[in-house]
Amino acid sequence: MKVKEAVGNEYWNWKEGQIIVINAPTGSGKSTFIETEFKNFALQSGKRILYCTNRVMLKNQMLERQNARILEEEMRPKPFWQTFWKGEYGNFQIITYQQIEAAVLHNNSQAIDFFRSFDIVIAD
């Protein structure tokens, strides 16, 4: 069973401060669920998401998909009253655990403030 089918729309009932664990095997759609279903819901709710991954390759793959979606959205015709489009970059950040570790080891206060600015942290 794919994660999307197992979770359904339950994320509408998730509460602030609650820890949700999705434990599923490789290839079950965890990252896809987050990128397509949960992320859209959270961003529409005004939430900021920090997505942490253990692999640079996964981070780069996700950034490529994110860039493609942003480019596709920017290419769509917009109504004349829409003067700008807010991309995902500010509210959906992808980072590796190594980047977090470096910030903590160097006691980087700017990085700590950055981490605290997110409403949702996803540890992949």
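Out of Gln99, Gln93, Gln66, I need the residue that is assigned to a helix (DSSP H, G or I), within 17 Å of the chain's Cα centre (by Cα) and at pLDDT 80 or above. Which one? Let's see the steps before the verdict.
Numbers: Gln93 fails: assigned to a helix (DSSP H, G or I); Gln66 fails: at pLDDT 80 or above.
Testing whether each residue is assigned to a helix (DSSP H, G or I), within 17 Å of the chain's Cα centre (by Cα) and at pLDDT 80 or above leaves just Gln99.
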Going through the stretch 101-118 in order, the residues found to be in contact with a strand residue (DSSP E or B) (Cβ under 6 Å, 6 or more places away or on another chain) and either over 22 Å from Asn91 (Cβ atoms) or of a type in the set (Ser, Thr, Tyr) (or both) are none
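Using the structure shown, decide if Leu58 is touching a residue at least 40 places away in the same chain (Cβ under 8 Å) and in a helix (DSSP H, G or I).
Values: touching a residue at least 40 places away in the same chain (Cβ under 8 Å): yes; in a helix (DSSP H, G or I): yes.
Here the answer is yes, as Leu58 does meet what is asked.
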Just to be sure, is Gly27 loosely packed, with under 15 Cβ neighbours inside 10 Å, at pLDDT 75 or above and part of a loop (DSSP other than H, G, I, E, B)?
-> yes
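Among the residues of the stretch 102-115, write down those that are loosely packed, with under 11 Cβ neighbours inside 10 Å and either closer than 21 Å to Val56 by Cα or at pLDDT 85 or above (or both). Working first, answer last.
Residues of the stretch 102-115 that are loosely packed, with under 11 Cβ neighbours inside 10 Å, as a first pass: 105-107, 109-110, 113.
Selection gives Leu105, His106.
The values are calculated or read from the model by the stated rules, or taken from the named source; none is laboratory data. Keep in mind that what you see is a predicted model, and the values were worked out from it rather than measured. No Cβ is skipped: glycine too gets one built from the backbone with ideal geometry, and neighbour counts run over all protein chains shown.
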